[in-house]
Structures are given as structure tokens and as C-alpha cells.
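Here is the structure we will look at, set down as C-alpha cells.
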Amino acid sequence: EYTDGPLLILAGPGSGKTRVLAHRIAYLVKTCRISPYRIIALTFTNKAAREMKERVGHLLGKAVDECTIGTFHAICARILRQEGHNIGIDKHFVIFDDEDQLKLIKDSLEELNLDPKKYVPRAIQSGISAAKSSLLAPEDYASNTGSYFEEVVSRVYENYQKLLSQSNALDFDDLLMKTVNLFRQKTEV
């Protein structure tokens with residue numbers, strides 16, 4: 001029933017987190033009269049999102065359809081398709097999976113005349129993902145390099161982003177990072 005700001009729930013698997021969240025959503029809608037349209041519930045997996053929607057549906061009925069319930073990546077993709085134009089993202093972007101990303105990294109290494117045997121694409125991908133998880137764009141990452149490997153990652157990252165852009169594509173890390181950028185740059189969104 002707590003409603004005076006954020007609430008953090010820490011609990012292990014199978015301890016009832018989804019039940020608590022479903023009942024909290026129902027409490028906010030039914031008792032506090034919060035519009036279901038203003039509710040967003042984010043999970044890490046599709047399975048958890050389906051379970052959450054099903055449980056909230058049992059408590060709210062058709063009003064669950066007005067709630068935004070899904071995975072972080074799916075919701076961010078939806079937001080970027082609707083509002084990404086505000087930061088220059090075409091709503092028809094494609095999402096590159098792990099395999100697509102590795103191919104683009106290999107293409108970047110080739111364009112930069114870097115040996116993929118010496119600079120392992122999977123390690124480069126991990127470095128780029130870590131940078132994006134820290135919300136570092138290529139130019140920000142470049143100014144924070146501390147080793148030669150990080151300098152290589154920086155060069156590949158810059159080229160990789162250029163190739164993504166040319167393909168009108170985002171990777172999974174972009175979905176999160178660019179949504180944060182959208183919210184920071186366009187507070188009205």
C-alpha cells in the first residue's frame with residue numbers, strides 16, 4: 001500500500017515478487033484511482049512479462065490492456081518506435097541480434113584493418129556492450145580509454161555505430177541507452 005515514492009522489492013526466485021507487483025498495480029488502479037494507462041511494469045524476461053500481465057488481468061480485467069507491461073527491451077523498442085524521431089531515430093529501425101552484431105563487429109575490424117584473431121570480436125562486443133550499459137556514446141568512451149585494448153574497442157565502437165546507423169538498426173543495448181537518452185533530452189516525452 002506504500003505510495004509515497006519509489007519502492008524497492010528484493011527477494012529471491014519463487015518468493016512472490018510477481019504476486020506483490022500484480023497486487024500493487026491493482027491497488028494503485030482500484031484504490032488510488034491511478035489510470036492504468038499511467039502504469040508501466042518492466043521485467044527481464046518474456047515469460048515474466050506474460051506471467052505479470054496474466055496476474056494483473058485476473059485482478060483488473062480488461063483494464064490490464066491499458067497498462068504497459070513487458071520486458072525492458074520490448075518496452076524501450078516500443079517507446080523508440082513512437083518517440084525516437086525526437087532524437088533522430090527512424091521508427092522503422094531493425095533490431096540486430098547477437099549474430100548480426102558480431103558480423104558488424106567483424107566488418108568494422110576489417111574496415112579498420114584490425115586482425116580478428118588478435119582482437120577477438122566477442123571481446124570487442126563485450127567492451128561495446130559495457131560502454132553502452134554505462135551510457136557512453138563512442139565519443140564519450142574514447143575519452144575514457146585506459147588501455148590499448150580499450151582504444152581498439154573505441155575505434156571499433158565508433159565504426160560499428162556508423163554501420164548500425166547505415167543499416168537503420170539498433171542493437172539490444174541501444175534500445176536501453178537510446179531510450180534513456182530520449183528521456184534525458186526530451187523531458188516532455
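The values are calculated or read from the model by the stated rules, or taken from the named source; none is laboratory data. This is a predicted model, so every value here is computed, not measured. Cβ: placed from backbone, ideal geometry, glycine included. Neighbour counts: every protein chain shown. Calculation scope for accessible area: heavy atoms of the full protein, side chains included, ligands and nucleic acids excluded. Shrake-Rupley method; radii C 1.70, N 1.55, O 1.52, S 1.80 Å.
For this structure, a couple of remarks:
- Taking every residue in the stretch 117-139 that is under 12 Å from GLN101 (Cβ atoms) and pairing it with any residue that is open to solvent by less than 40 Å² (accessible area, probe 1.4 Å) and acidic (Asp, Glu), at least 6 positions away or on another chain, the pairs with Cβ-Cβ distances below 6 Å are SER129/ASP173; LYS132/ASP173.
- Answer residue from the stretch 30-54, given it is of a type outside the set (Phe, Trp, Tyr) and loosely packed, with under 12 Cβ neighbours inside 10 Å and is farthest from the chain's Cα centre (by Cα) among those: THR31
- Contacts under 9 angstrom Cβ, first residue in the stretch 98-115 being touching a residue at least 40 places away in the same chain (Cβ under 8 Å) and farther than 16 Å from LEU170 by Cα, partner open to solvent by 50 Å² or more (accessible area, probe 1.4 Å) and not hydrophobic (A, V, I, L, M, F, W, C), 6 or more apart: LEU109/ASP115; LEU109/PRO116; LEU112/ARG155; LEU114/ARG155
Here's the yes/no breakdown for (1) part of a helix (DSSP H, G or I); (2) farther than 20 Å from GLU1 by Cα; (3) of a type in the set (Asp, Glu):
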residue	(1), (2), (3)
ARG33	no, no, no
GLU54	yes, yes, yes
LYS62	yes, yes, no
LYS91	no, yes, no
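- Cβ-Cβ distances below 7 Å connect the following pairs, each with a first residue in the stretch 143-170 that is more than 19 Å from ILE87 (Cβ to Cβ), a second residue that is open to solvent by 90 Å² or more (accessible area, probe 1.4 Å), and a separation of six or more residues or different chains: ASN159/GLU111.
- In the stretch 2-14, the count of residues that are of a type outside the set (A, V, I, L, M, F, W, C) and in contact with a Leu (Cβ under 8 Å, 6 or more places away or on another chain) is one or more.
- Candidate set: the stretch 171-189, residues that are open to solvent by 10 Å² or more (accessible area, probe 1.4 Å) and touching a Phe, Trp or Tyr at 6+ places or on another chain (Cβ under 9 Å); chosen: the one nearest to GLU83 (Cα to Cα): VAL189
- Restricted to the stretch 139-189, and to residues there that are more than 22 Å from ILE95 (Cβ to Cβ) and part of a loop (DSSP other than H, G, I, E, B), the residue that is nearest to the chain's Cα centre (by Cα) is THR187.
- Top-ranked residue in the stretch 1-24 [being within 15 Å of LEU42 (Cβ to Cβ), within 23 Å of the chain's Cα centre (by Cα) and not small (Gly, Ala, Ser); ranked as least open to solvent (accessible area, probe 1.4 Å)]: THR18
- Subset of the stretch 113-138 (residues that are open to solvent by 50 Å² or more (accessible area, probe 1.4 Å) and part of a loop (DSSP other than H, G, I, E, B)): ASN113, ASP115, PRO116, LYS117, LYS118, VAL120, SER134, LEU135
- Lone unmet requirement of (1) open to solvent by 70 Å² or more (accessible area, probe 1.4 Å); (2) in contact with a His (Cβ under 8 Å, 6 or more places away or on another chain) for LEU59: (1)
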